[in-house]
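Down below is the structure, laid out as structure tokens.
The values are calculated or read from the model by the stated rules, or taken from the named source; none is laboratory data. Owing to the predicted nature of the structure, the values given are computational and were not obtained by experimental measurement. Note that each Cβ is placed from the backbone with ideal geometry, even for glycine, and that neighbours are counted across all protein chains shown.
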Amino acid sequence: MIQIEICAPGRVSAENAKAGGAQRIELCENLNIGGTTPSIDDVQYCVHELHLRTHVLLRPRGGDFCYDDEEYKQILDDIRRCKEAGAQCVVVGFLTADGQVDIERTKAAVKVAEGMEVTFHRAFDRVEDPYEALEDVIACGCHRILTSGCKPTAEEGIEVLKELVRRSNGRIKILAGSGVTPENAVRIVSETGVKEIHGSCKRIDCKGVAVTDSGKVRQLISNLKDYE
């Protein structure tokens, strides 16, 4: 069965995702800059009120993934808060200045997160060598990688995604994301072999803000169910 994760930038989007039939979300804020850490109140709401499997993006700012010591400490503190709130997974990513996975920091984050899953997010798409990075992330103990195959969208990254699935050989989950729609999800899944897919299913509301659209979520789920 294909696991579907809906990117939900805020509480309203999480509610819309659930209304569309989603059971799992990646909760974040500020999707316009690639996503940042949501409030702990929203994490608790999604876990305990909406009863969604809640994966929480932990990213203190937009921009690169080379954090200073204070930013890194903040991420570790946020991991602890998410664990206390009952979140099932945290979503993090750490790179070095030369485009490598920051192994030391990633391993430390996985250790702090013990009891939760850890997804290495799309910082992965900025690495110099995705196949070397795959092995590094596996060695760090992460449970999955969210990636578009190092291309702007997952559809463009199909060939790399397919190779990541082959090389991972079940040692880590490959979660295909970026530009995933109800219309192209089946192609991405069928041509890459991924078992997990990540889509925002977003629309722009009257204030010009991106929010999850429950109808698109419903259609994405339906299309993938029909494929299975």
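The sole residue among A113, A85, A108 that is farther than 15 Å from I145 by Cα, surrounded by 13 or more Cβ atoms within 10 Å (Cβ to Cβ), touching a strand residue (DSSP E or B) at 6+ places or on another chain (Cβ under 7 Å) and in contact (Cβ under 8 Å) with a residue 12 or more places away in the chain is A113. Only a single item in (1) in a loop (DSSP other than H, G, I, E, B); (2) surrounded by fewer than 24 Cβ atoms within 10 Å (Cβ to Cβ); (3) not basic (K, R) is not met by G149, and it is number (2). Put simply, of A97, A8 the only residue that is under 30 Å from S222 (Cβ atoms) and outside any helix (DSSP H, G or I) is A8.
Residue count for the range 174-208 satisfying the condition of being surrounded by fewer than 21 Cβ atoms within 10 Å (Cβ to Cβ) and without any contact (Cβ under 8 Å) to a residue 60 or more places away in the chain: 16.
When P38, P60 are checked against the criterion of being assigned to a loop (DSSP other than H, G, I, E, B), under 18 Å from H121 (Cα atoms), in contact with a strand residue (DSSP E or B) (Cβ under 6 Å, 6 or more places away or on another chain) and at pLDDT 95 or above, a single residue qualifies: P38.
Of E128, E155, E132, which residue is outside any loop (DSSP other than H, G, I, E, B) and either at pLDDT below 95 or more than 21 Å from H55 (Cβ to Cβ) (or both)? Don't jump to the end; show me each part of the working.
On the way: E128 fails: outside any loop (DSSP other than H, G, I, E, B); E155 fails: outside any loop (DSSP other than H, G, I, E, B).
Just one listed residue meets the conditions, E132.
If you go through the range 204-228 and keep only what is at pLDDT 95 or above and out of contact with any helix residue (DSSP H, G or I) (no Cβ under 8 Å at 6 or more places or on another chain), you end up with G215, K216, R218, Q219, I221, S222.
Can you tell me how many residues within the range 158-174 are outside any helix (DSSP H, G or I) and out of contact with any helix residue (DSSP H, G or I) (no Cβ under 6 Å at 6 or more places or on another chain)? It would help to see each step written out before you state the result.
The first filter runs over the range 158-174 and keeps only residues outside any helix (DSSP H, G or I), leaving 169-174.
Adding the requirement that they be out of contact with any helix residue (DSSP H, G or I) (no Cβ under 6 Å at 6 or more places or on another chain) leaves 169-170, 173.
Adding up the residues that qualify gives 3.
When restricted to residues that are within 16 Å of the chain's Cα centre (by Cα), modelled with pLDDT of 95 or more and in a loop (DSSP other than H, G, I, E, B), the range 18-34 contains 2. Does the range 178-201 contain at least one residue that is polar (S, T, N, Q), at pLDDT 95 or above, under 15 Å from the mean Cα position of the chain (by Cα) and under 24 Å from R105 (Cβ atoms)? Yes; the residues of the range 178-201 include at least one that is polar (S, T, N, Q), at pLDDT 95 or above, under 15 Å from the mean Cα position of the chain (by Cα) and under 24 Å from R105 (Cβ atoms).
For the range 175-228, a tally of residues being farther than 23 Å from L27 by Cβ and in a loop (DSSP other than H, G, I, E, B) returns 4.
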